[in-house]
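Okay, structure first, notes after.
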Amino acid sequence: MDRLLGQWTIKDALSVLDEIDNRLAVIVAIDKLSGDPGTDELHTLHPLVTQARWLFGPEFDSHEYASNVTLRTAAGKIFGKRVDAAAFLNPKQRPDLMILSDATCSIVGTEGFDSHDQGLTRIQNVLIIELKKGKSCIGRDEMNQADGYVQDFLASGAMDGTPVFRAFVVGHEIAPKTSREKDIKDEGVIRGHIFATTYGQLTRSANHRLFKLREKIPTRYDEVSGADLMARVMQTPSQSVIALLEDGR
């Protein structure tokens, strides 16, 4: 305690510990929720994963990735009638989410100034996270579907600039003989990358990036449910809790 107070202010120490706790809680919540057959993935697991973009790599750990009108317009044009607007309560709170019949898609991007176009802003990078529902298995069809999404965005005519796409298809397992990575090229130039991954791979990779701290405090989250951890991370009542309140239960 003397060394802690001698090197840190209480405010700084709490800021660091809160950030570590938040990220560890994300990892444990995903592990607990994805392995529970009773989990309402749409209303718990999916918003949690799509909010924690750092799970997919440090390059996505930026507030610059956000949804905007251009992306929403293009996504609406591409997904069309597949979107279920009534499936998610208060959809305006998560404008990046598109709820489909068999998946949830988060679509965000970064903007920047184009020096070759009189300094106008254009979308530069687009991140698509497609989370499959249920005990899903990612196969060739799912990878080809994601390929189609990216190509449809590129050909939509609804986006300024020539952004680079990165699409992650996430499920519980990956079918044998399914390629885990795929590039999309246009006239020899790579315009998109598609990756297949599992919830387990996400949490294992995240644990390594956090210096395996979870292994050093293994019992910290044992008595906390996945739903409680999810609510802590999201800092809002879960969708299931909101539904219960609206039903008067």
Are any residues in the stretch 102-120 over 22 Å from Arg53 (Cα atoms) and either among the charged types (D, E, K, R) or without any contact (Cβ under 8 Å) to a residue 24 or more places away in the chain (or both), and if so, which ones?
Phe113, Asp114, Ser115, His116, Asp117, Gln118, Gly119
Considering only the stretch 1-58, state which residues are aromatic (Phe, Trp, Tyr), surrounded by fewer than 17 Cβ atoms within 10 Å (Cβ to Cβ) and not in a loop (DSSP other than H, G, I, E, B).
Trp54
Going by the structure shown, is Thr162 closer than 26 Å to Asp186 by Cα, at pLDDT 90 or above, out of contact with any His (no Cβ under 9 Å at 6 or more places or on another chain) and of a type in the set (S, T, N, Q)?
no
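Yes or no, residue by residue, for (1) free of Cβ contacts under 8 Å to residues at least 40 places away in the same chain; (2) out of contact with any Gly (no Cβ under 8 Å at 6 or more places or on another chain):
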residue: Phe168; (1), (2): no, yes
residue: Ser179; (1), (2): yes, yes
residue: Asp183; (1), (2): yes, no
residue: Asp186; (1), (2): yes, yes
residue: Val189; (1), (2): yes, yes
residue: Gly192; (1), (2): no, yes
residue: Gly200; (1), (2): no, yes
residue: Ser205; (1), (2): no, yes
Being part of a helix (DSSP H, G or I) and without any contact (Cβ under 8 Å) to a residue 24 or more places away in the chain is the filter here; which residues of the stretch 59-68 pass it?
Glu59
Within the stretch 37-48, does at least one residue satisfy the condition of being over 15 Å from Asn125 (Cα atoms) and hydroxyl-bearing (Ser, Thr, Tyr)?
yes
Got at least one residue in the stretch 135-157 being touching a Ser or Thr at 6+ places or on another chain (Cβ under 7 Å), modelled with pLDDT under 90 and not small (Gly, Ala, Ser)?
no
Step by step: first the residues of the stretch 207-216, then only those that are surrounded by fewer than 18 Cβ atoms within 10 Å (Cβ to Cβ) and touching a residue at least 40 places away in the same chain (Cβ under 8 Å), then the one that is farthest from Pro176 (Cα to Cα). Which residue is that?
Leu213
Can you list residue pairs whose Cβ atoms sit under 8 Å apart, with the first residue in the stretch 133-150 being farther than 16 Å from Pro176 by Cβ and the second being of a type in the set (Asp, Glu) and crowded, with 17+ Cβ neighbours inside 10 Å? Count only pairs 6 or more apart in sequence or on different chains.
Lys133/Glu41; Gly134/Glu41; Ala146/Glu130; Tyr149/Glu130
Selection count where residues are farther than 21 Å from Ile78 by Cα and under 17 Å from the mean Cα position of the chain (by Cα), scope the stretch 133-147
3
Note on Leu71: of the conditions (1) outside any strand (DSSP E or B); (2) closer than 16 Å to Val169 by Cα; (3) at pLDDT 90 or above; (4) not small (Gly, Ala, Ser), unmet is (2)
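The values are calculated or read from the model by the stated rules, or taken from the named source; none is laboratory data. None of these values were measured; they are calculated from a predicted model. Methodologically, a virtual Cβ is constructed for each residue, glycine included, from the backbone with ideal geometry; neighbour enumeration extends over all protein chains shown.
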